[in-house]
Amino acid sequence: MDFLTLFGIYVVVVLTCIALVCRYSGQQHSPLNSLYSFALKRLASITPKWLQKFSQWTLHRLFHQRSNAFIYLHILLEGAVYAEFTYEVFGFCREMDTTLISLSVPYILLAIKTSFFYLCIKTDPGTVTKKKVAGQLHIYSYDRRLFHPGISCSTCQLVKPARSKHCRVCNRCVQRFDHHCVWVNNCIGAQNTRYFLLYLFSVCAMAFDIALLTVDMLLHVVLRTGLLGASYLDENGQRQPAGFLFVVQHLFLTFPRIIFMLGFLLFVFFLLAGYTMFHSFLAVVNQTSNEWYKSRGYVCQHCHPSTVADILCSPVPDHSKRYYYSRGVLRNLGEIFFPPQPVQKKDN
Ligand SMILES: *[C@@H]1O[C@H](CO)[C@@H](O)[C@H](O)[C@H]1NC(C)=O
Ligand SMILES: [Zn+2]
Ligand SMILES: [Zn+2]
C-alpha cells in the first residue's frame, strides 16, 4: 500500500471517530445530529442484524456507561507520538544542533499535561449528595430562566441546586455541570473545570511544540540537502527545476512516519485549539456549555444582541443580556479557579 492510500484511510478513521465522539459526548442539539441519523438509516439498511446489535452494544458501552476506553486510547496515541519523536525527530534535531533545552520542552509539557489530566480524572466534579446538598443549594442563585428553585432530580431524589444537571453516564447530579467528557471518563463540573481548562491548554501547547520542532527539522533537511535548488530529467530528457511539490513528495517518501505524525499533530492542534477557545470564552463569561446550549434558544425572545461590553463588564446581572451571568472577567475566572465550596452542616 502506498503512503497516500494509507494516509487516506487514516484520515477517514480519525474523522469517523471524531464524528462519533461529537455525536455521543456532545449535546442533543448538535448540527451533526440530523446528518448522523440520516447516515445511520442508510447504513442500517445494508448492514446485517448481528453487526447492528454489536455496534449498538459497543457504542453504548463506550458512550453511555463509564469506561476507561478513551483514557487508554489517549495514552496510546500520546505514547505513539512521543515514541516517534524520541526515536526519530530527537536524533535528527540533535544533528541539526537544536539545543537540548528546547528538545526537553515537549517532555516537560508532557509531565505538566499528565498531572492536569490526572487531576481531571480524579477530582470529584461536585457530585450532589444527600450530605452536601443543603450547602450546595446556596452556592449559586436560581436565575428562574434555565434553573428554577424547588425542582428535584427524579433519579437522585435530591433538590437540584442551580446550574446542576443529572449526568446520565455517571448517574448522579453534578453541581455547575458542564458536560461529561469521555476522554477523562468524568463529568466536568464546579470542582474540575479549572483542571480541564489547564489540561486543554497543555495538550495544545504539547502538540504545537512537537509540530514546531518537527517542521524546523524538516526545513533544515530541505535547506541542507539543497532540495529546493535541485532539478530532474523529464521524459524528454529536459532538465526541470524541482518545485515545491517535488520537495513535499520527497519528504513524504523519506520520512513517512514523521510526516504522518506531523499531520496528526496539526490536526489535533487545530481541533483542540478551537475547542479550547470555546471553553475559555465560556469561562470568561461565567457560563457552562450546558447553559450555553440551553440559552441559545432562550435569548431570542426579548434580546439585545450580545456585545463585547456585556461580556467584559456587567456588574449587575441583567436579564435582557445574553451573558447576564457575567460579573467581569476576573471575578468569573476567580470562581473557576477557586470554586466556592459548599458549607457542610455538622451532623448532630
Ligand atoms: C456566575 O453565575 C451564577 C448564576 O448562574 C452566579 O450565581 C454567580 O455569582 C456568577 N459568578 C460570578 C463570578 O459572577
Ligand atoms: Zn440526579
Ligand atoms: Zn458524567
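Just so it is clear, none of the values below were taken in a lab; they were calculated from the coordinates. Note that this is a predicted model, so its numbers are computed, not measured. Note that we place each Cβ from the backbone using ideal geometry, even for glycine, and neighbour counts take in every protein chain shown.
The label point for Asn171 and the one for Val12, both projected 7 Å from the Cα toward the Cβ, are 3.9 nm apart. Label separation (Leu223 vs His138): 6.4 nm, computed from points 7 Å beyond Cα along the C-beta direction. Its residue count N fixes a reference of 2.2 N^0.38 Å for segment 117-202, and the Cα radius of gyration divided by that reference is 1.08.
Taking the average, over residues, of other Cβ atoms within 10 Å as the packing measure, peptides 235-242, 34-41, 276-283, 60-67 rank 276-283, 60-67, 34-41, 235-242 from highest down. Relative contact order for segment 94-225: 29 percent, from Cα pairs under 8 Å spaced at least 6 residues apart, divided by residue count. For an R0 of 56 angstrom, estimate the FRET efficiency from the Cβ-Cβ distance between Phe244 and Arg145 and round to the nearest 0.05. So the FRET efficiency works out to roughly 0.50.
Dimensions of segment 156-253 based on its C-alpha atoms, expressed as ranges along the principal axes with the largest first, amount to 83, 25, 18 Å.
On the basis of the beta-carbon distance and an R0 of 45 Å, Ala111 and Leu35 show a calculated FRET efficiency of 0.70.
The label point for Ala19 and the one for Ser280, both projected 7 Å from the Cα toward the Cβ, are 3.1 nm apart. Normalised by 2.2 N^0.38 Å, where N is the number of residues, the C-alpha radius of gyration of segment 35-88 stands at 1.66.
Annotation: amide H of Gly189 within the under-5 Å range of Asp178, sequence separation 5 or more or interchain, hydrogens built in the peptide plane.
The listed peptides 169-175, 78-84, ordered by packing as a protection proxy, come out as 169-175, 78-84 (highest mean of other Cβ atoms within 10 Å first). For Leu271 and Ser55, FRET efficiency with R0 = 22 Å and r from the beta-carbon atoms, rounded to 0.05? Using R0 = 22 Å, I get an efficiency of 0.35. For segment 84-205, lysine pairs with C-alpha atoms less than 15 angstrom apart, excluding pairs fewer than eight positions apart on the same chain, total 4.
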